[in-house]
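Before any comments, here is the structure.
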Amino acid sequence: MKISASFLTIDNIENVNKLVNCDIDYLHLDIMDGVFVNNKNEVLSVNNKKPLDIHLMVNDVYGYIDKYKSLNPLFITFHYEAVTDVIEVINYIRKFNIKVGLSIKPSTKVEEIIPYLPYLDLVLVMSVEPGQGGQPFIMDTVDKIKKLKELKGNYLIEVDGGINDNTIKLVNDADIVVVGSYITSGDYEERIRNLKEKIYG
């Protein structure tokens, strides 16, 4: 299991750079338009010493893909609930040689996205309502991850929201965990070590 660190709750560039230098696998960018979700957050430049994992929580998916493709991310993930033609968006992202992720809100069932799974590199399961850090983990997420694992696709399974040194044990079928406030509310390196101890034993 790999760690994608979110810096949604970090308010200065020095601490973002400190996070980038920690033992994380990806840097997770939460991009919000204030429409698809209540909050707004845009990151126009970032230290991309780590592979970038961009999560678009926006209605204007194409506009934000065009804006963020220049950061050369490894993944761009968009929300199933935000678009009318999922395959069209997948093909658009692929044009830029960027890997494609599809995210689902807690209220969306895995069965709804089964037709798109063969075309995805990553499925992001939201374990909180998107748009705000620090929420508690939603337990139904565990069953969704198990279902995606049983379907045996070639996609990575990522989980985002409410992950800490306790809840990480609930999602051991995931390939990537997005962790934000748990890391950034303490000593970054110590918190990451705690997570890795729970992952690897």
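The values are calculated or read from the model by the stated rules, or taken from the named source; none is laboratory data. Just so it is clear, the structure is predicted and the values come from calculations on it, not from any experiment. Here the Cβ is made from the backbone with ideal geometry for all residues, glycine too, and neighbour counts use every protein chain on show.
Right, residue 77: surrounded by 14 or more Cβ atoms within 10 Å (Cβ to Cβ), of a type in the set (Val, Ile, Thr) and either modelled with pLDDT under 95 or in contact with a Gly (Cβ under 7 Å, 6 or more places away or on another chain) (or both) or not?
Judged against the criteria, residue 77 is a match.
Here's the yes/no breakdown for (1) touching a strand residue (DSSP E or B) at 6+ places or on another chain (Cβ under 6 Å); (2) farther than 15 Å from residue 30 by Cβ; (3) part of a helix (DSSP H, G or I):
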residue	(1), (2), (3)
106	yes, yes, no
117	no, yes, yes
129	no, no, no
137	no, yes, no
142	no, yes, yes
148	yes, yes, yes
154	no, yes, no
178	yes, no, no
193	no, yes, yes
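Sort out which residues of the stretch 108-159 are under 28 Å from residue 185 (Cα atoms) and of a type in the set (S, T, N, Q), and write them in order of number.
Within the stretch 108-159, 127, 132, 135, 141 qualify.
In this structure, is residue 185 over 18 Å from the mean Cα position of the chain (by Cα), under 24 Å from residue 37 (Cα atoms) and either modelled with pLDDT under 95 or among the basic types (Lys, Arg) (or both)?
Judged against the criteria, residue 185 is a match.
From the list 3, 10, which residue is touching a residue at least 40 places away in the same chain (Cβ under 8 Å), farther than 28 Å from residue 149 by Cα and buried (at least 16 other Cβ atoms within 10 Å of the Cβ)?
Step by step, each of 3, 10 is checked, and only 10 is touching a residue at least 40 places away in the same chain (Cβ under 8 Å), farther than 28 Å from residue 149 by Cα and buried (at least 16 other Cβ atoms within 10 Å of the Cβ).
So in the stretch 129-165, with the set limited to residues that are small (Gly, Ala, Ser) and more than 14 Å from the chain's Cα centre (by Cα), which one is farthest from residue 38 (Cα to Cα)?
Step by step, filter the stretch 129-165, then rank; the result is 153.
Kindly indicate which of 143, 187, 160 is surrounded by 15 or more Cβ atoms within 10 Å (Cβ to Cβ) and either acidic (Asp, Glu) or in contact (Cβ under 8 Å) with a residue 40 or more places away in the chain (or both).
Every option except 160 fails the conditions.
For the stretch 84-128, name all the residues that are surrounded by 13 or more Cβ atoms within 10 Å (Cβ to Cβ), under 19 Å from residue 36 (Cα atoms) and hydroxyl-bearing (Ser, Thr, Tyr).
Residues satisfying the conditions are 103, 108, 127.
Can you tell me which residue in the stretch 58-71 is surrounded by the most Cβ atoms within 10 Å (Cβ to Cβ), limited to those that are assigned to a loop (DSSP other than H, G, I, E, B) and over 16 Å from the mean Cα position of the chain (by Cα)?
59
Exactly one condition in (1) buried (at least 18 other Cβ atoms within 10 Å of the Cβ); (2) in contact with a Leu (Cβ under 6 Å, 6 or more places away or on another chain); (3) of a type in the set (Gly, Ala, Ser) is false for residue 174; which is it?
Among (1) buried (at least 18 other Cβ atoms within 10 Å of the Cβ); (2) in contact with a Leu (Cβ under 6 Å, 6 or more places away or on another chain); (3) of a type in the set (Gly, Ala, Ser), the lone unmet condition for residue 174 is (2).
So for the stretch 47-57 (the condition being in contact with a helix residue (DSSP H, G or I) (Cβ under 8 Å, 6 or more places away or on another chain), of a type in the set (D, E, K, R) and farther than 18 Å from residue 119 by Cα), does at least one residue qualify?
yes
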